[in-house]
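Peer 1: Below: one structure in structure tokens.
The values are calculated or read from the model by the stated rules, or taken from the named source; none is laboratory data. Fair warning: this is a prediction, and the values are worked out from it, not measured in the lab. Positions of Cβ are generated from backbone atoms using ideal geometry, with glycine treated the same way; all protein chains shown enter the neighbour counts.
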Amino acid sequence: MHGGTDGGPKPRYDFSSNANALGPNPEILAQVARADLGSYPDPSYRALRGHLAEWHEVGAERVVVGAGGSELIHRLVRVFGGPVLALEPTFGEYALAARVASVAYIGASSRREFLAYLPRAAVAFLAQPNNPTGELYDATFLEEAVRLARIHGARLVLDLAYAPLAEVDAPIPTSACLLYVPNKAHGLTGIRAAYLIAASPLTAGYVAAAAPSWVVGGTGVAFLRSHMNQNARDWLLQTKPKLLFWRRVLAYELSKRGYEVREGAANFLMARLGRGAYAELRRAGIKVRWLVDKGLIEWSRLSAQPPRALAAFLNEVDFVRYHRV
Ligand SMILES: Cc1ncc(COP(=O)(O)O)c(C=O)c1O
């Protein structure tokens, strides 16, 4: 289960997707509109990888492009096998990738358990900040994870999908594999493109070799190229304080009404709206991400949304509460 489209009528207000609610980034859209769609992209993405490498100050042989974060997650698991380790509750694609590849999945329930299982894992994922909790992992924990992964030959992947929208700079150990998924921060989740900076050229080589030819199209190439532009970055920096303010207001309004709220550092939060909330809100044209698939049957994840959406959501919440009394 994901946020966003679900096959039902288009919601009036969508709190279920974590994409930047102020997007799409107009600076990037303009570049993407100019993409050459009349020919194949370079199959090795040499120029793009060169630009990404320069921007991140790493060698281009460590950069792998993919058709979105999910595609790279599945590819990593297909290439390196299992067991796959993650720290629950977290992004469901890690477990799904293990299931699709018919390898074991270990969902650790604490940081201590994650570190204890790490020596047995082939691939271990940590989302920084985590989805759905918004939690940021501290440098001490991450360094210990990197150390154990190195000793035992596990590939530790730090999924940075929401790092550009985090309230504070996320600690990022550069010796892990880093998964960059910029489509959320720029509100462009319809563009299926992301990239991995592997911990070594050898790891990158294996992952790159497992891709179908031309795995990213011209729009994806233009997107990954232009998300590094200063204008695109400026837009992101301008939108971020608004999103974080909207999340805080959402947390405040829900807490005031007696709902338990779990707030992290990201542009979304978790709230204990109860098990019936998803259906009730959906009927009213408001979509939240029910966390039932993570065993959190009472909980929903909600992204930061503009005042009009927030007012409609709170209105509906109050209406339902009033009628329950
Ligand atoms: C933590 C995390 N990583 C990766 C992804 C996948 O990104 P993409 O849309 O590029 O497949 C998501 C999507 O929700 C996510 O939440």
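Peer 1: Looking for something in contact with a strand residue (DSSP E or B) (Cβ under 8 Å, 6 or more places away or on another chain), within 16 Å of the ligand (Cβ to nearest atom) and among the small types (Gly, Ala, Ser) - is there at least one such residue anywhere in the stretch 128-135?
Peer 2: yes
Peer 1: Can you go through Tyr117, Tyr105 and tell me which one is under 24 Å from Thr174 (Cβ atoms), assigned by TED's automatic domain parsing to the domain that holds Cys177 and surrounded by fewer than 20 Cβ atoms within 10 Å (Cβ to Cβ)?
Peer 2: Tyr117 is the lone residue from the list that is under 24 Å from Thr174 (Cβ atoms), assigned by TED's automatic domain parsing to the domain that holds Cys177 and surrounded by fewer than 20 Cβ atoms within 10 Å (Cβ to Cβ).
Peer 1: Mind checking which pairs have a first residue in the stretch 173-185 that is under 15 Å from Ala139 (Cα atoms) and a second that is of a type in the set (Lys, Arg), Cβ under 9 Å, 6 or more apart or different chains?
Peer 2: Sorted first by the residue in the stretch 173-185, then by its partner, the pairs are Ser175/Arg150; Ala176/Arg155.
Conditions tested, residue by residue: (1) surrounded by fewer than 24 Cβ atoms within 10 Å (Cβ to Cβ); (2) outside the structural domain of Tyr206 (by TED's automatic domain parsing); (3) outside any loop (DSSP other than H, G, I, E, B).
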site	(1), (2), (3)
Leu148	yes, no, yes
Val168	yes, no, no
Ser175	yes, no, no
Leu179	no, no, yes
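Peer 1: Could you count how many residues in the stretch 62-119 are away from the ligand (no atom under 12 Å from the Cβ) and among the acidic types (Asp, Glu)?
Peer 2: 2
Peer 1: To continue, here is another question. Just one of the numbered conditions (1) of a type in the set (Phe, Trp, Tyr); (2) over 16 Å from Tyr180 (Cβ atoms); (3) surrounded by 19 or more Cβ atoms within 10 Å (Cβ to Cβ) is not true of Tyr45; which one?
Peer 2: Failing condition for Tyr45: (2).
Peer 1: Filter the stretch 157-177 down to residues that are closer than 17 Å to His227 by Cβ and out of contact with any helix residue (DSSP H, G or I) (no Cβ under 8 Å at 6 or more places or on another chain), then give me how many there are.
Peer 2: 4
Peer 1: Regarding Trp235, is this residue touching a residue at least 40 places away in the same chain (Cβ under 8 Å) and either of a type in the set (Asp, Glu) or touching an Asp or Glu at 6+ places or on another chain (Cβ under 6 Å) (or both)?
Peer 2: So Trp235 fits the description; yes.
Peer 1: Moving on to the next point. Among the residues of the stretch 181-203, what is the count of those that are assigned to a loop (DSSP other than H, G, I, E, B), among the aliphatic types (A, V, I, L, M) and either more than 10 Å from the ligand (Cβ to nearest atom) or touching a Ser or Thr at 6+ places or on another chain (Cβ under 6 Å) (or both)?
Peer 2: The total comes to 4.
Peer 1: Determine the pairs where a residue that is at positive phi, located within the stretch 122-151, has a partner that is within 16 Å of the ligand (Cβ to nearest atom) with Cβ atoms under 7 Å apart, the partner being 6 or more residues away or on another chain.
Peer 2: Gly134/Gly264; Gly134/Ala265; Gly134/Ala266; Gly134/Phe268; Gly134/Leu269
Peer 1: Would you mind telling me which numbered condition in (1) modelled with pLDDT of 95 or more; (2) of a type in the set (Gly, Ala, Ser); (3) crowded, with 19+ Cβ neighbours inside 10 Å Ala277 fails?
Peer 2: The one condition Ala277 does not meet is (1).
Peer 1: So which residues in the stretch 54-83 are over 26 Å from Gly190 (Cβ atoms) and either of a type outside the set (D, E, K, R) or at pLDDT below 95 (or both)?
Peer 2: Selection gives Val58, Gly59, Ala60, Val79, Phe80, Gly81, Gly82, Pro83.
Peer 1: Quickly run through the stretch 11-58 and pick out the residues that are part of a loop (DSSP other than H, G, I, E, B), within 22 Å of the chain's Cα centre (by Cα) and away from the ligand (no atom under 16 Å from the Cβ).
Peer 2: Answer for the stretch 11-58, where residues must be part of a loop (DSSP other than H, G, I, E, B), within 22 Å of the chain's Cα centre (by Cα) and away from the ligand (no atom under 16 Å from the Cβ): Pro11, Leu22.
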